[in-house]
1. Failed condition for Asn37, given (1) more than 24 Å from His160 (Cβ to Cβ); (2) touching a Cys at 6+ places or on another chain (Cβ under 6 Å), with all others met?
2. Among the residues of the range 369-382, is any aliphatic (A, V, I, L, M), part of a strand (DSSP E or B) and surrounded by fewer than 17 Cβ atoms within 10 Å (Cβ to Cβ)?
3. Pick out the one residue from Ile146, Ile120 that is modelled with pLDDT under 95, surrounded by fewer than 21 Cβ atoms within 10 Å (Cβ to Cβ) and outside the structural domain of Arg225 (by TED's automatic domain parsing).
4. What tally of residues in the range 180-213 results from selecting those that are under 29 Å from Gly322 (Cα atoms), surrounded by fewer than 16 Cβ atoms within 10 Å (Cβ to Cβ) and among the polar types (S, T, N, Q)?
5. Can you list the helices (runs of 4 or more DSSP H) lying wholly within the range 233-320 that have 3 or more residues being in contact (Cβ under 8 Å) with a residue 12 or more places away in the chain and more than 18 Å from Ala331 (Cβ to Cβ)?
6. Against the condition among the hydroxyl-bearing types (Ser, Thr, Tyr), out of contact with any Cys (no Cβ under 8 Å at 6 or more places or on another chain) and either in a strand (DSSP E or B) or more than 16 Å from the ligand (Cβ to nearest atom) (or both), how does Ser12 come out, does it pass?
7. Within the range 27-34, is even one residue small (Gly, Ala, Ser), more than 17 Å from Ala173 (Cβ to Cβ) and touching a helix residue (DSSP H, G or I) at 6+ places or on another chain (Cβ under 7 Å)?
8. Could you tell me whether any residue of the range 342-355 is more than 27 Å from Ser126 (Cβ to Cβ), polar (S, T, N, Q) and not assigned by TED's automatic domain parsing to the domain that holds Gly39?
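The values are calculated or read from the model by the stated rules, or taken from the named source; none is laboratory data. Predicted model, so just to flag it, every value in this text is computed and none were measured. As a convention, Cβ positions derive from the backbone with ideal geometry for all residues, glycine included, and neighbour counts pool all protein chains shown.
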Amino acid sequence: MVHTKVKDFFISKYGNSPIMVKSPGRVNLIGEHTDYNMGLVLPASIEKAIYFAVHKNDSDHITVETFLTLPEQISFDLEGKHEPFNAFWGNYFKAIIEILIEKKYTLKGFDCVFGGDIPIGSGLSSSAALCCGFIYALSNALDLSITREEIALIAQQAEHKIGLNCGLMDQYAVLFGRKSNALFLDCKDLTHKYIPINLNGYSWVLINSNIKHNLAVDSEYNKRRTSCELVFSKVGETKNDVNSMRDVTLTDLENCKPILDEKDYKRAKYVIEENNRVLKMIEYLESGNADETGKTLLQGHWAMSKEFEITTPELDFLVKTGQKLDGFMGARMMGGGFGGCTINLIKTEAMENIVDTIISAYKKETGIDAEVYHLYIDDGVHIMK
Ligand code: GLA
C-alpha cells in the first residue's frame, strides 16, 4: 500500500509519527470545459490518491520530498526561498507557499513526504490532488484552519501561476467528493449537491489511452478559454448582463454568429450544449436510465472531438471501438483533453469481454498498451485514521 510506504518512509527519516492525509484524484462524468465558463459539472473523487505524511519541525524550513516519481527533496525557507530544483512537482509547492505568504498565513517549519497512485497526465487531476492535499495537510499540521473553499481557491491560483487557467471543478471534486456519489457543482455560485451514480447491472470503467498531456505547458487548454471569453464579450455588446458564457443562450449565439469567428462560435456552442448534457445526465442517473446515460456520454465525446477539438485520434479510437460492441452503453474522454482516460459505461455481464476487445484493438491500431481502472468513488480529502 502506497500510504504505508509514505508513512514508514517518513518515520524512518524523521522519527515522528506524522499526520496522514489522503487526497484523491477525480473523474468527471460530464461537463468538460464548462467550469471556467461558470457552468455545470458532475465530477467525483476516486480511490486513487496522493498521500501526505506531515509533521511540524522546530526549524525555519519546510521540506517536501517524494520517493515515488523523481526522488528529490526540496527545502523552502519561511519566505518561500529555495535552492534550484528539478522536479516539476516542486513548482506547485513553491506556488502554494508563495500564495500562503501573500495571504499572510503564518508558516512554520514542517516536513512532508508524499507519494501516490494517480497516473500523472491522464486526466485524473493528479495536480489538484497534489495541491489541495498539500494545503490541507499543512493547514492541519500548523493549525491554520484554512477552509475547504479557501483551499480550492489557493490550489486554483497555484495552477494559474504555473500556467493553466483552469476552473474550480478539480479542486471542488478533490475537496468535497463523497463516497459512491458524483458532485453536481454549479460553478457560477459554487453550490453543490450529491448525486448517487449506481446504475444496477452496469459498471463504470476508465481506460487510460496512455497518451499523456501536460495542460499547463501546452497552451491549447488556455486557447479554449480565450475563445469562450471572446464570444461572451461579443455577445455582451448586443445584450445586457452578460458576464460569462453562462449568460449566453443558443439564440444569443445564433444572433451573433455573423460577427464571430467560426472556430469561436463552435467552441461556444459546445459549452452551452455541454451544460445541458450535465442536466440531462443527472435526470438519467436519477431515473436509472443507462441507455440515455450512455448516449449522453457519446454526445459529449463527439462534441469534444468535432466542435471543441480537444480529443486525440487515440481517444476517438477507444470510443469508436466500444460503440460497435453489444453491452457498451457509451464513453467519453475525460478532463482537460489532448490525452488521458475515457470513462465508459458498460453492462457488467459483458464488461470483461468488451474491455479486452477494446484494449487489443487499441494495441493493434496504435501499438500502445492501454490500462484499465475500475471506478471506485471515495471521499474527498481527509485525515487517515
Ligand atoms: C482540467 C481543468 C479543469 C476543467 C477540466 C475540463 O481538468 O483543471 O478546471 O476545466 O480540465 O473540464
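1. In the conditions (1) more than 24 Å from His160 (Cβ to Cβ); (2) touching a Cys at 6+ places or on another chain (Cβ under 6 Å), Asn37 misses (1) alone.
2. yes
3. Ile120
4. 3
5. 250-256, 262-286
6. When the stated conditions are applied, Ser12 passes them.
7. No, there is no match, as no residue in the range 27-34 is small (Gly, Ala, Ser), more than 17 Å from Ala173 (Cβ to Cβ) and touching a helix residue (DSSP H, G or I) at 6+ places or on another chain (Cβ under 7 Å).
8. Yes, some residue in the range 342-355 is more than 27 Å from Ser126 (Cβ to Cβ), polar (S, T, N, Q) and not assigned by TED's automatic domain parsing to the domain that holds Gly39.
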